[in-house]
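Reading through the structure tokens given below for one structure.
No value in this document is a laboratory result; all are computed from the given coordinates. Please read all numbers here as calculations on a predicted model, not as lab measurements. Because the Cβ atoms are built from the backbone with ideal geometry, glycine has one as well, and the counts that use them run over all protein chains shown.
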Amino acid sequence: MSKIFIVIPYLELQRLLFLCNDINTVHLPKNIGKYLFIIGLMLIIAGIIFTMQSKSIVGPSSSFMYQNPEWTINGYVIIAIGTVISVCGIVLWQSVTKKSSIAK
């Protein structure tokens, strides 16, 4: 069992080192920007739904989020995280698009 806990971080480190062939260069998949943008949008939508449920706008009254002020804060935090991830995705998407147009 202890071998598994030693091998898994080692394999993850090897994978990261494979992506970084130089200290200042990291090779990311081409579609990573699109994926991050989509994940960010999904988080934003989920945060909006959570906030609306906590303010009794949508959802069943039997839900634990319904009229719960904690979920208003959680919803805003999820919206903020989704926004940051979406912006990072847009920046990466634009940088990949710019590099591919320069290469042509």
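Applying 1/(1 + (r/R0)^6) with r as the Cβ-Cβ distance of Ile57 and Thr97 and R0 = 41 angstrom yields a FRET efficiency of 0.60.
The residues Lys98, Lys55, when put in order of fewest to most other Cβ atoms within 10 Å, stand as Lys98, Lys55.
Among the chymotrypsin sites (Phe, Trp or Tyr not before Pro) within segment 51-84, those in coil by DSSP and having at most 13 neighbouring Cβ atoms inside 10 Å are Phe64.
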